[in-house]
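Each remark here refers to the structure printed beneath this line.
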Amino acid sequence: MKTKKILLVLLLSIFFFYGFSQNNQTQVTGQNENYPVWVDMMKDLNVNFYDVQEAFNDYFIDRPKGKGTGWKQFKRWEFFMEQRVYPSGKRLNHTQVWDEIMKFRKKYPADNYRSKSNWTDLGPQTSLNVTGHWNPGIGRINVIAREPGNPQTIYIGAPSGGLWKTTDEGVNWEVLTDELPVMGVSGIAIDPANTNIIYIGTGDNDHSDNYSIGVLKSTDSGYTWDVTGLDWTIYQNRTISKLLIHPTNSGILFAATTNGLYKTTDAGANWTRTHIGDIDDIEFKPGDPNIIYAITKRFYKSVDCGNTFTETTGVPTTSRVQIAVTEANPEYVYFFSSKNGIYRSTNSGDSFTMRSVQPNPGYQDWYDLAMAVSHVNPEEVHIGEINTWRSLNGATSWTKTTDWTWGIL
């Protein structure tokens, strides 16, 4: 029993440890007073826990603490982390957690301790009465993918819950990745020519609850997994935001990652980095997969199937962005800057025109941001920040549609 409790603590720890690009506290705290520096500090394992806590408290001295401010997200992190830091406030490096888990699994094979567990779900599965500023539900979902040609089969990826599958359009679900060492999934790609072949991009891109071990591949609809040529360790502190598979050549696959854009032409055996930077989103031009759009905080376009990219200027480059395309008008590309408004291209990303300063800037764009365009009506656009918004006139005016955050659109 004691051994199982130790394993549970270790597993939970690896799911909640963070680390991004800031190298020290001085760099982070040098930003202006209106910037939530604690966001970067909490993601940097080198920053002392109590320094992060102090920066957070200073930030919220005279600010509201309601929905969308990030207050709740920090408090979750604070509650979990405070019990697991050294008395000095030094945080446990996630490599230590990983090494201990590997030692445990070597000593106690998965089929041994797994067969001894006997858990029953006690719920709640639904929330009928919501009081306060929390969202009903049982977890965050990073990505959803339908099986081509079979709408009954759907896959979802969770930041710390792995890959799940339904074959009856959501009535029943099974988890496919409980035996993997990392259980975050932010990208799913299904081979349109053979739907038994599935790729997943591991890690949690939005919040780094899990780091990535690269792209994994299954040839039996997700029941067993093999590594591909994009094979990382969690020590590299990388995540994958999206996978995109060529619609007519299944050997070609792209992975948008915090370490650049990677391309394979042999179904995952070998990968080449074709663009640098933290790639947050990628899209094919509908009907012409030789044209690919990619974003960091900037917009890039490729006309040679992702081998080279050029930057399109004339759009903001100071905050997190998302892009969206539509089959209803392949020339359209929508570009949403979370702090500067929405832009649209009508010439396949060669130039952009500002459409609106709305929706109003959110405070959680570092955590929640998504955009989608109707594939029937190219003027219908949906955006998810802390709230969700809809435009029916090409993003020139907006209506708030709900107060609940949508992580995927």
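Counting other Cβ atoms within 10 Å of each Cβ, which trypsin sites (Lys or Arg not before Pro) in the stretch 135-203 have at most 16 and sit in a DSSP loop?
Values: sites: R140, R146, K165; in loops: R140.
For trypsin sites (Lys or Arg not before Pro) across the stretch 135-203 that sit outside H, G, I, E and B with at most 16 neighbouring Cβ atoms in 10 Å, the list is empty.
Between the stretch 332-393 and the stretch 302-318, how far is it from one alpha carbon centroid to the other, in angstrom?
Rounded to whole Å, the Cα centres lie 18 Å apart.
Multiply the residue separation of V357 and D220 by 0.36 nm, subtract the distance between their alpha-carbon atoms, and state the gained length in nm to one decimal. Mind dumping the intermediate values first?
Details: separation 137, 0.36 × 137 = 49.32 nm, distance 4.65 nm.
Length difference between fully extended and current span is 44.7 nm.
Exactly which GluC sites (Glu not before Pro) in the stretch 346-389 are in a DSSP loop and have at most 12 other Cβ atoms within 10 Å? Walk me through the numbers before you get to the answer.
Details: sites: E379, E380, E385; in loops: E379, E380, E385.
Here no GluC sites (Glu not before Pro) fit, given the DSSP loop and packing criteria.
Tell me, W71, W77 in order of fewest to most beta-carbon neighbours within 10 Å?
Numbers: W71 17, W77 21.
Arranged by neighbour count, lowest to highest, W71, W77 become W71, W77.
Once the piece of chain linking S319 and A193 is laid out straight, how much longer is it, given 0.36 nm per residue of separation minus the C-alpha distance between them? Please list the in-between numbers first.
Numbers: separation 126, 0.36 × 126 = 45.36 nm, distance 3.76 nm.
Extra length from S319 to A193 when fully extended: 41.6 nm.
When the chain is fully extended, how far beyond the present Cα-Cα distance does K400 get from D288, taking 0.36 nm per residue of separation?
Separation in residues times 0.36 nm, less the Cα-Cα distance, equals 37.0 nm.
What number comes out for the charge environment of S397, summing +1 per Lys or Arg and -1 per Asp or Glu over other residues with Cβ under 14 Å away? Write down the numbers at each step before the final one.
Details: positive: R344, R355, R390, K400; negative: E379, E380.
Overall, the nearby charge balance is +2.
Take N377 and E54, extend 7 Å from each Cα along the Cα→Cβ direction, and tell me the distance between the two endpoints in nm.
5.4
If R0 is 25 Å, what FRET efficiency do you get for N307 and I141 from their C-beta distance, rounded to 0.05? If you can, show how the numbers build up before the last one.
Values: r = 33 Å, r/R0 = 1.30.
The computed FRET efficiency comes out at 0.15.
Taking the number of other C-beta atoms within 10 Å as the exposure measure, put K107, K217 in order starting with the fewest. Before the final figure, lay out each step's value.
On the way: K107 10, K217 21.
Ascending Cβ contact count within 10 Å gives the list K107, K217.
Can you give me the distance in nm between label points at F104 and E327, each placed 7 Å from the Cα along the Cα-to-Cβ direction?
Result for the modelled spin labels: 4.5 nm.
If the cut-off is 28 Å between C-alpha atoms, which lysines fall inside it for K339, apart from same-chain ones fewer than 8 positions away?
List returned: K43, K65, K67, K72, K75, K242, K285, K297, K301, K400.
Computed from the coordinates by the stated procedures, all read-outs in this text should not be read as laboratory data. Just so it is clear, the model here is predicted, and its values are computed rather than measured. Here the Cβ is made from the backbone with ideal geometry for all residues, glycine too, and neighbour counts use every protein chain on show.
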